[in-house]
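Before any comments, here is the structure.
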Amino acid sequence: MLELLNSTPVVRRTVQDRLADPETARPWQRAHGGSGSAEEHTWLLRARDALQDVVRGDRPATALAPLLDGVVSRPRVSAAGVSWEVEAPEERRMAADAVLVWSALRETLPERLRPCANPECRRFLIDRGKANTARWCSMAVCGNRMKARRHYQRTRDGAAE
């Protein structure tokens, strides 16, 4: 799911959509368990865009409801216990799975999935640290960049006084 959310990075100050072109997206879909169909691609982009907005706080979680229309979860009992089998229309399976993974993350790691604190970055991160204080998708890229900006601003402001 994090790969899906991070499929619209900013490169040289321009948003790049790595899944926009259906031909380019097809291998990604297949590598992640999809069929690579055009309908699946359409639903996947809808799910990605909605999930990005929900995680950023731009839309409520209820915006994900249309992605789950027609999706059913049925219990399967075996000697190992109870498991849940998700049934979804084939073209919407990847979209539904992405929403379900997001939901599971909210339950198991509450408040750990978040956007990068760099306002020029469109990536997301899952904070697995004990303190839950991670702010950057990458300390080497966004973290250093933002720290350098703050340092430059402080030294510039100090020199102006």
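The values are calculated or read from the model by the stated rules, or taken from the named source; none is laboratory data. Note that this is a predicted model, so its numbers are computed, not measured. Cβ sites come from the backbone with ideal geometry, for glycine too, and all protein chains shown count toward neighbours. We work out accessible area using only protein heavy atoms, side chains counted, and drop any ligands, DNA or RNA first. Shrake-Rupley method; radii C 1.70, N 1.55, O 1.52, S 1.80 Å.
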Quiz item: Does the range 1-65 come out rounded, prolate or oblate by the C-alpha gyration tensor, with a ≥ b ≥ c the root eigenvalues, rounded set by a/c under 1.5 and, if not, prolate when a/b is larger than b/c and oblate if not?
Solution: oblate
Practice problem: Could you work out the local net charge near Met94, counting Lys and Arg as +1, Asp and Glu as -1, over the other residues with Cβ closer than 11 Å to its Cβ? | Solution: 0
Practice problem: May I ask you to work out the translational diffusion coefficient for the range 53-113 at 25 °C, viscosity 0.890 mPa s, via Stokes-Einstein with Rh from the Kirkwood sum over Cα pairs, reported in whole µm²/s? | Solution: 188 µm²/s
Quiz prompt | Contour minus Cα-Cα distance for Ala65 and Arg12 (0.36 nm per residue) | solution = 15.6 nm
Quiz item: Relative contact order, percent, of the range 1-98 when contacts are C-alpha pairs under 8 Å separated by at least 6 residues?
Solution: 24 percent
Quiz item: To the nearest 10 degrees, how steeply does helix 93-108 sit against the main Cα axis of the chain, on a 0 to 90 scale?
Solution: 60 degrees
Practice problem: Give me the accessible area of Cys137, 1.4 Å probe, in Å² rounded to the nearest 10. | Solution: 40 Å²
Quiz item: How many angstrom separate the Cα center of the range 8-60 from the Cα center of the range 65-124?
Solution: 15 Å
Quiz item: Given a Förster distance of 22 angstrom, what is the FRET efficiency for Leu2 paired with Ser83, based on the Cβ-Cβ distance and rounded to 0.05?
Solution: 0.40
Quiz item: Using modelled amide H (1.01 Å from N, peptide plane; none on Pro or chain starts), what sits under 5 Å from the amide H of Arg112, excluding residues fewer than 5 places away?
Solution: none
Quiz item: Going by alpha carbons, how many degrees (0 to 90, nearest 10) lie between the helix axis of 22-31 and the longest principal axis of the chain?
Solution: 70 degrees
Quiz item: Using only the Cα atoms of the chain, what do you get for the radius of gyration and for Dmax, in Å?
Solution: 19.1, 73
